Amino acid sequence: MLSLIVFLPIIAGLIILAVPSSQKQIIRIVSLLAALAQGVVAILIWRAYDPSLPGITAGPGGSPLGSFQFVEKLPWIGLKLGGMASLNIEYFLGVDGISVTMIILTALVSAIGVLSSWTIQKQVKGYFILYNLLASAMMGCFVALDFFLFYVFWELMLLPMYFLIGIWGGPNREYAAIKFFLYTLFGSVFMLLVMIGLYFSVLDPVTGNHTFSLVAMANQANYIQDAILGPHNVMWRYIAFAVLFIGFAIKVPMFPFHTWLPDAHVEAPTPISVILAGVLLKLGTYGMMRINFPLFPEVFHASMYIIGIFGAINIIYGAFCALAQQDLKKMVAYSSISHMGYVLLGLAAGNSEGMVGALYQMFNHGTITAMLFLLVGVIYDRAHTRQIDKFGGLASYMPVYAAIVTVAWFASLGLPGLSGFISEALVFVGAFSSITTRPIAMVSVLGILFGAAYLLWSLQRVFLGKRKPDAAYDLEVGADGHEHIHFHDWKGKIDLDARELTMLVPLVVITIFLGIYPMPVLGMITSSVNKLVEVLTPLAIR
Amino acid sequence: MFELPSGAEIQSIIASLTLSVEFFKPEIYLSVLFMLLIVIDLVAKGKKNNLLSITTLLGLAGSIYFIFKQQFMPAGELFFGMYVLDEFAIFFKYFFVLSGILAVIITMADDQFESEVKSMGEYYALIVAMVIGMIMMASSADMMMIFLSMELVSFSAFILTGYFKRNPRSSEAALKYLVYGAVSSGLMVYGFSLIYGLTGQTNLINISSELSLHGYDPLLMILATLLVLAGFGYKIGAVPFHFWAPDVYEGAPTPITAYLSVASKAAGFALLMRFFYIAVPHGGPVYEDILGINWVSLLILISVASMIYGNVVALWQKNVKRLLAYSSIAHAGYLLLGVIVMDAFGTQATLLYLLSYFLMNFGAFYVVILIANKTGSENLEDYRGLGKKMPLAGAALTVFLISLVGLPPTFGFIGKLMIFSALLSKGSLYLWLALIGIMTSVISLYYYMLIPLNMYLRESPSSEEKNMNPGLIPNIIMAVLMFFTIYFGLFFQPLADFAKYGSALFGLKLH
């Protein structure tokens, strides 16, 4: 099941390889079918998922697989090394409460991304091969439970992303693409060293061999006392934690490692922005929850305060930057930074409320930001500009568009009744109830205020009022005496067309539904998060 | 005064020699091939894709049979300790024969030979001679043999580098190579003579036991080590013995550049490992170092310098062959990391890295040749827009370059993984070396990606439609190399086992 959901896009990519590049429509349809099939498998996983099993780790005396579901475990490499050592790598996939929502999110966003890519005309074949490779790698990251496998998928994402930004991006794409590549590689190569260090420090409780299994690594009882990352080597454990944290924080992206994100977003084509904001950023915080924190719980406990502060900086700094942007897409990019700050804050709280809020925020941010970028893409397609001051008064000419924009914008600022509100509220409940993060939470609340400011202000400038004198569109008085909007080289429908509605409506529905009734998601994640919190709490406090 | 040996002694010498010949068949076979190629060249004059190249290919492939048979022979000394047969040597025999085969294959694809030379004459014979020389380098257990085999390789390589006689760059490269080669082998022989003075022995195993038995003057020993390293460092192209590399790699015919950068470097490593693992006493008396400096610290210095220098200077290169030359200096640094670890795991990691380097570097140069055939240029600027015109070549080159960076899922990643694992298996002792390796490989991403950047992200300035398809056979070869680079990145077990097999050295007390 999990192998299927991971490799479906790659299979589609191989099929596309055989299709002549002139058959653009076939290529698109093959990709769409793969994405839909992925969605079907994701729904099956969601239906069959048993929310009572916590996952995270095997626990003392637990079954070796832990309480993971849909587990696939095969020996992949079993190597005798020179001397006494050996290298054992497993093909180990599984799902628990932390990953299950991310799988659904990934399938959803990938499918929407394919639809959004329909308008790509340049080198369609190459585009979809890379796109499918990226989709597979993302999905693989969320289901891999072997560190080595995780790392392979993690690095596999870089190259397609580089080309997708670099070939199909905007005018400054070369710079943005290599900046993205170098930043993320810089983060991940150090992860490689930590991974090797962990391998030499952990023994599989069943076989007695060294192992890359994240399930075994998440149980402190499996560590060799004197190994390089064993419990006695306190200094190296702190360093390893910091290295992993920075590696994941670059992906989040956390201040001060965030500067690649606005560049990447501004240059990337719409579907890639959607994937980037909708899924890729989540991998950073997912990595923290899956690898960084449970493997070094005592270090996490000691650094909650610092993580919280960085979260607060992200929230407020991101909001301020968003406030200053003239480019609508850049504003959304900075709003992403701000909203990922809530995730960090929730994680830093270290309690169930905060963590559940963080995970829920990851899901909601995925859907809401995907929506925001799609909406920005819609207007960019028509007007070829995203400057906030080049519009004004769009609401009266594009009513459907404006309505969806309003939902998305309000969801993003956390209006009660929409999904963003619940996750942000949970994050704050968690952050306030933890003594460590309480002062940070007090400051972070300001972020909501600034968030409302930039979102409402941009909404007002673009959609309300009258057409700006130098706007990117013209008004004509039609035969019926009404004013009609006219973009000078846009042949399509002025308001949203069917394809755009197909992408946006499901997201709107999800946003509203999960704002009113969040239990479908919360119910799935709670037991795993509780287990994670238990793993993270040092024995002395437990 | 020497006494003449008695009849019985001569008898036993002859018996011993004939016994040794049994274990020397691949080398004999290859020497016969070498002579055969010269004869064929006299009989059938002609262009490059003729009888000669096919004979070379088949001949080299045939030697695999003899090497395979050696796998079942016991490891041991031959010819009175001049030469050894062990798993380490067999590993390199396969390695060099395969390198020779690939060098011939990519020569056949290179159109430059059509315009530059009249006859391929000695070219293939010299490639075979180099294979013989490198095989002997990997099997030598005596300082005399080391020197002789190294000179055999060097002289063949000098001629091959200057094979484009009418091309001044090629001749310049050959001359530079010769001058540097002469100086560094001179230094190496001086180092050997110092060691002989210290021990009175030329056999590596005897040197080791002599040194550990009687001790030695540390200053003299470190001096000798340094001088010997000049010779080895020249062969592996490591800083500070690298000065020849960029010019030679740029000026030489591209197949020879690939051949030198892979096979000749590997031969240097074979020699380096055998010499330092066998000849130097390990865990012996306290004379081991002076002021905390021993040969390992020298290697560490060379390795760090190579990684940093090679990767940083490559950033400014505008010519792809030159860029790959600097990358090859950097890779010498990574390979040295495995040697420094000084245990079975480290040796295995080095050998595996060599295998990965073999695939990805030959692959990269092969694509560079195919591109040069069509565009007539090796400049980075002329790669603009090639991704669209030569889709397979572009994709293949990207895979090879990603592998050179060391990103999964390619074989290059596995090589780096093993090297870094070997370093970290020593605890935090060599962690800082791993850190330098990691950081420099991030730097390397930038310059390697300049090539795909030009191929894919930039448009070609001229829009002329030209047939850029390199042809069926080159496409297949490229695809096969690319496939293996990825396949072994995911399923590296057989090759890692092979590398482990190859890490057994005769007379080794170290592991």
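The values are calculated or read from the model by the stated rules, or taken from the named source; none is laboratory data. Note that the structure is a prediction, hence the values are computed from the model and not measured. Here the Cβ is made from the backbone with ideal geometry for all residues, glycine too, and neighbour counts use every protein chain on show.
Summary table
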read-out	value
Selection from the range A:506-542 of residues that are more than 30 Å from residue A:303 (Cα to Cα), among the aliphatic types (A, V, I, L, M) and either in contact with a strand residue (DSSP E or B) (Cβ under 9 Å, 6 or more places away or on another chain) or in contact (Cβ under 8 Å) with a residue 24 or more places away in the chain (or both)	A:507, A:508, A:510, A:512, A:514, A:516
Condition met for residue A:174 (of a type in the set (D, E, K, R), over 19 Å from residue B:407 (Cα atoms) and facing chain B (nearest Cβ under 9 Å))	yes
Complete set of residues in the range A:142-171 that are of a type in the set (D, E, K, R) and more than 10 Å from chain B (Cβ to nearest Cβ)	A:146
Check on residue A:542, touching a Leu at 6+ places or on another chain (Cβ under 9 Å), modelled with pLDDT under 85 and surrounded by fewer than 20 Cβ atoms within 10 Å (Cβ to Cβ)	no
Any chance residue B:303 is polar (S, T, N, Q), in contact (Cβ under 8 Å) with a residue 12 or more places away in the chain and in contact with a Gly (Cβ under 6 Å, 6 or more places away or on another chain)	yes
One residue from A:246, A:272 being more than 24 Å from residue A:372 (Cβ to Cβ) and in a helix (DSSP H, G or I)	A:246
Yes/no for residue A:191 being away from every other protein chain (no Cβ under 12 Å) and either part of a helix (DSSP H, G or I) or not aromatic (Phe, Trp, Tyr) (or both)	no
Qualifying helices (runs of 4 or more DSSP H) (wholly inside the range B:378-470; at least 2 residues being within 23 Å of the chain's Cα centre (by Cα) and closer than 25 Å to residue B:307 by Cα)	B:391-405, B:411-424, B:431-452
Residue in the range B:365-385 that is facing another protein chain (nearest Cβ under 9 Å) and crowded, with 24+ Cβ neighbours inside 10 Å present	no
Set B:14, B:40: member being more than 26 Å from the chain's Cα centre (by Cα) and surrounded by 13 or more Cβ atoms within 10 Å (Cβ to Cβ)	B:40
Leading residue by the ranking (nearest to the other protein chains (Cβ to nearest Cβ)) among those in the range B:471-507 that are outside any helix (DSSP H, G or I) and over 25 Å from residue B:106 (Cβ atoms)	B:503
One residue from A:346, A:318, A:287 being within 13 Å of residue A:249 (Cβ to Cβ), assigned to a helix (DSSP H, G or I) and modelled with pLDDT of 90 or more	A:287
Filter result for residue A:463 (over 30 Å from residue A:274 (Cα atoms) and within 32 Å of the chain's Cα centre (by Cα))	no
Conditions (1) in a helix (DSSP H, G or I); (2) more than 16 Å from residue B:229 (Cβ to Cβ); (3) over 15 Å from the mean Cα position of the chain (by Cα): number failed by residue B:316	(1)
Where residue B:343 falls short, out of the listed (1) at pLDDT 85 or above; (2) over 23 Å from residue A:123 (Cβ atoms); (3) within 14 Å of chain A (Cβ to nearest Cβ); (4) surrounded by fewer than 21 Cβ atoms within 10 Å (Cβ to Cβ)	(1)
Sole residue being in contact with a Ser or Thr (Cβ under 8 Å, 6 or more places away or on another chain) and either at pLDDT 90 or above or small (Gly, Ala, Ser) (or both), chosen from A:66, A:94, A:61	A:66
Which numbered condition residue A:110 fails, given (1) more than 23 Å from residue A:369 (Cβ to Cβ); (2) part of a helix (DSSP H, G or I); (3) more than 11 Å from chain B (Cβ to nearest Cβ)	(1)
Selection count, the range B:387-440, where residues are within 18 Å of residue A:155 (Cβ to Cβ), without any contact (Cβ under 8 Å) to a residue 60 or more places away in the chain and more than 9 Å from chain A (Cβ to nearest Cβ)	1
